[in-house]
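Every number in this text was worked out from the coordinates using simple rules, so none of it is lab data. Predicted model only: the values in this text are computed from it and were never measured. Cβ: placed from backbone, ideal geometry, glycine included. Neighbour counts: every protein chain shown.
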Amino acid sequence: MSNVGIPIKLLYEAEGMKVTAEMKNGEIYRGLLITAEDTMNMTLSDVVRTARNGQVSKLPSVYLRGGGVRFIALPDVLKNAPAFKKVATMKRKMESERQMKTGTKRKRD
């Protein structure tokens, strides 16, 4: 796990929490994230599956292939995850380096 990026680290942090995964085929799965892998493969339990046509079904567990995932909605509580703090620190460092080179602050929108 040491060579994985921030998104994968956040996925690992979400293990044991409710997540929503939208697949490239349009299906949506919401359930408890049991396991996650570096490839974004994941196992969910107590799943509610919403098909492309809107049909809802309940499944005891599913294994989702990471290559078929469009995006994953994670709980808001992960905003305080250590991985995000690392990103914030890196961003501040980059902005200060940029400021030293140009002598101006970055304009905020």
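May I ask you to list pairs of residues, at least six apart or on different chains, whose Cβ atoms are under 7 Å apart, with the first in segment 78-103 being touching a residue at least 40 places away in the same chain (Cβ under 8 Å) and more than 15 Å from residue 11 (Cα to Cα) and the second being among the acidic types (Asp, Glu) and surrounded by 10 or more Cβ atoms within 10 Å (Cβ to Cβ)? Between residues of segment 78-103 that are touching a residue at least 40 places away in the same chain (Cβ under 8 Å) and more than 15 Å from residue 11 (Cα to Cα) and residues that are among the acidic types (Asp, Glu) and surrounded by 10 or more Cβ atoms within 10 Å (Cβ to Cβ), there is no close pair. For segment 60-73, the set of residues classified as farther than 13 Å from residue 36 by Cα and hydrophobic (A, V, I, L, M, F, W, C) consists of 71, 73, listed by residue number.
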